Amino acid sequence: MGRGSETYILDKDHNLVEVDLMTWAHWLEDHRNRRVAETLFGHGTRVSTIFLGIDYRFGLGGPPLVFETMVFDAANHALDQVRYSSWDDAVTGHKVIVRRLSRKVRDARRAEGRASAGREG
């Protein structure tokens, strides 16, 4: 891909297509075009992976960084952020972060259970 506008949309197979700014803006008006994955945890944490369509590498070399996973707490404060160059990497990255958070939640619950059992005994 060239280093022209650095704005992209996705084709039907989730491949990047470099486009001009107006085409990009119009395409992104449909928010369904942006969502890669979203996972909500019961305690309010949310993992959201979206297509940005703007190269956040800012021409510094390498493939364009146009996908982003963010982790938000219950108050919607950003806790973590990772960017990717492809749909497949974004899907994989989302799953990795969800597994990591699920493990942390599970471990915290186990620790609470042990602490509670220790107070009862």
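Could you pull out the residue among Arg46, Arg57, Arg32, Arg100 that is charged (D, E, K, R) and touching a strand residue (DSSP E or B) at 6+ places or on another chain (Cβ under 6 Å)?
Details: Arg57 fails: touching a strand residue (DSSP E or B) at 6+ places or on another chain (Cβ under 6 Å); Arg32 fails: touching a strand residue (DSSP E or B) at 6+ places or on another chain (Cβ under 6 Å); Arg100 fails: touching a strand residue (DSSP E or B) at 6+ places or on another chain (Cβ under 6 Å).
Only one candidate passes the filter, namely Arg46.
Go through the stretch 38-57 and give me each residue that's surrounded by 12 or more Cβ atoms within 10 Å (Cβ to Cβ), in a loop (DSSP other than H, G, I, E, B) and not β-branched (Val, Ile, Thr). Matches in the stretch 38-57: Phe41, Leu52, Gly53, Asp55, Tyr56, Arg57.
Of all residues in the stretch 6-25, count the ones that are in a strand (DSSP E or B) and surrounded by fewer than 16 Cβ atoms within 10 Å (Cβ to Cβ).
Here is the first cut: in the stretch 6-25, the ones in a strand (DSSP E or B) are 7-10, 16-19.
So of that shortlist, the ones also surrounded by fewer than 16 Cβ atoms within 10 Å (Cβ to Cβ) come out as 17.
Looking only at that region, the number is 1.
From the list Thr39, Thr7, exactly one residue is in contact with a helix residue (DSSP H, G or I) (Cβ under 8 Å, 6 or more places away or on another chain) and closer than 20 Å to Gly93 by Cα. Which is it?
Exactly one of Thr39, Thr7 is in contact with a helix residue (DSSP H, G or I) (Cβ under 8 Å, 6 or more places away or on another chain) and closer than 20 Å to Gly93 by Cα, namely Thr39.
Just one of (1) free of Cβ contacts under 8 Å to residues at least 40 places away in the same chain; (2) within 24 Å of Arg109 (Cβ to Cβ) fails for Glu68. It is (2).
Among the residues of the stretch 26-36, just one is within 22 Å of Arg100 (Cβ to Cβ) and buried (at least 16 other Cβ atoms within 10 Å of the Cβ), namely Val36. For the stretch 100-121, the criterion of being touching a Leu at 6+ places or on another chain (Cβ under 9 Å) and surrounded by 13 or more Cβ atoms within 10 Å (Cβ to Cβ) is satisfied by no residue at all.
Residues checked against (1) surrounded by fewer than 16 Cβ atoms within 10 Å (Cβ to Cβ); (2) outside any helix (DSSP H, G or I):
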residue	(1), (2)
Gly59	yes, yes
Thr69	no, yes
Asp80	yes, yes
Arg83	no, yes
Gly93	no, no
Val96	yes, no
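Since every read-out is calculated from the coordinates, none of them should be taken as a lab result. The structure displayed is predicted, hence computed values, not measured ones. Note: ideal-geometry Cβ built from the backbone for every residue, glycine included; neighbour counts use all protein chains shown.
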